[in-house]
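Contents: one structure, followed by commentary.
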């Protein structure tokens, strides 16, 4: 499903927010949170032009309903929204959109569930990443993983209750990541590296 509000005006350079819940578990609360007036308002504040939502195998009805509610307000017309369930080819091309925004675009952000594969893919592309743990899942380490990676300043730990704040923090992280020395030096230079954090939090210990 897509939604366009260009009205014949030449498109401006894109800045894409890509949201993914992954392929295996439902994450209705994340879909609900990003399709809210508060999140759309934050997208406009930080210059985003596009919101792309991977809503999973059973999230389409919620996506359509929430987006209609947003559009019925008559606000946030500068944000173009689109969504899809699953893509067997993977999410790489969508992350690249968030990274580059298309020709002449600005770097955006990825908002992701705390799946280790998705996190690593985003970090390899060096696109700012907001990791949102799915606290509805039992016996998982998503919160611990998000906290550990955020402490090392690899990602922003996003919380369902305040994603606009996470979007603001992602803008600050973007600036810090482009500075020298890297954000993981200095006070963090003797801390665990990314591989160590991922292995420990996901249980891949010797």
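Against the conditions (1) touching a strand residue (DSSP E or B) at 6+ places or on another chain (Cβ under 8 Å); (2) in a helix (DSSP H, G or I); (3) within 18 Å of residue 129 (Cβ to Cβ); (4) modelled with pLDDT of 95 or more, residue 53 satisfies every one except (2).
Taking the stretch 128-153, which residues are surrounded by fewer than 22 Cβ atoms within 10 Å (Cβ to Cβ) and touching a helix residue (DSSP H, G or I) at 6+ places or on another chain (Cβ under 8 Å)? Before the answer, list the steps.
First, the residues of the stretch 128-153 that are surrounded by fewer than 22 Cβ atoms within 10 Å (Cβ to Cβ): 134-144, 147-148, 150-153.
Result: 134, 135, 136, 141, 144, 148, 152, 153.
Mind listing just one residue for me: the one in the stretch 74-83 that is in contact with a helix residue (DSSP H, G or I) (Cβ under 9 Å, 6 or more places away or on another chain) and assigned to a strand (DSSP E or B) and, of those, surrounded by the most Cβ atoms within 10 Å (Cβ to Cβ)? Taking the candidates together, the pick is 81. For the stretch 104-124, a tally of residues being in contact (Cβ under 8 Å) with a residue 12 or more places away in the chain and surrounded by fewer than 15 Cβ atoms within 10 Å (Cβ to Cβ) returns 2.
Flag set for residue 93, criterion: surrounded by fewer than 19 Cβ atoms within 10 Å (Cβ to Cβ) and not in a strand (DSSP E or B).
Out of the residues in the stretch 55-73 that are buried (at least 19 other Cβ atoms within 10 Å of the Cβ) and in contact (Cβ under 8 Å) with a residue 60 or more places away in the chain, which is farthest from the chain's Cα centre (by Cα)? Top of the filtered list is 67.
The values are calculated or read from the model by the stated rules, or taken from the named source; none is laboratory data. On a predicted model such as this, the values are computed, not experimentally measured, just so you know. All Cβ positions, glycine included, derive from the backbone under ideal geometry; neighbour counts span all protein chains shown.
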